[in-house]
Amino acid sequence: MLNKSDYYILAAALVSLILSVSLWFGIDQDAGLFVGLWVPSILGFGAYFKIIKYGGRS
């Protein structure tokens, strides 16, 4: 079951992915790589906080 905060985490990761792709193809590939590294970090933080909140009980 996804909570409201889970949707915010997924939305932030999706926005980061879209921004990364647009930077890669449009402006600067290095900036696209930098922003692309945010996606797993955002998802990792979301998973970490979910584990802390629920104690691994999903």
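The values are calculated or read from the model by the stated rules, or taken from the named source; none is laboratory data. These figures come from a predicted structure and were not determined experimentally. Here the Cβ is made from the backbone with ideal geometry for all residues, glycine too, and neighbour counts use every protein chain on show. In case anyone asks, the SASA skips ligands and DNA or RNA and just uses the protein heavy atoms, side chains included. Shrake-Rupley method; radii C 1.70, N 1.55, O 1.52, S 1.80 Å.
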Kindly establish whether residue 16 is in contact with a helix residue (DSSP H, G or I) (Cβ under 9 Å, 6 or more places away or on another chain), polar (S, T, N, Q) and open to solvent by 50 Å² or more (accessible area, probe 1.4 Å). no
Residue hits (segment 23-44; within 16 Å of the chain's Cα centre (by Cα), outside any loop (DSSP other than H, G, I, E, B) and loosely packed, with under 13 Cβ neighbours inside 10 Å) are 33, 34, 40, 41, 44
Does residue 9 count as assigned to a helix (DSSP H, G or I), at pLDDT below 95 and surrounded by 10 or more Cβ atoms within 10 Å (Cβ to Cβ)?
yes
Condition set modelled with pLDDT under 90 and hydrophobic (A, V, I, L, M, F, W, C), scope segment 45-54, selection surrounded by the fewest Cβ atoms within 10 Å (Cβ to Cβ): answer is 52
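Which members of segment 10-37 meet the condition of being within 22 Å of residue 48 (Cβ to Cβ) and among the β-branched types (Val, Ile, Thr)? So that I can check it myself, show each step before the final result.
Initially, segment 10-37 is screened for residues within 22 Å of residue 48 (Cβ to Cβ), giving 10-17, 20, 34-37.
Once the filter is applied, which keeps residues that are within 22 Å of residue 48 (Cβ to Cβ) and among the β-branched types (Val, Ile, Thr), segment 10-37 yields 15, 35.
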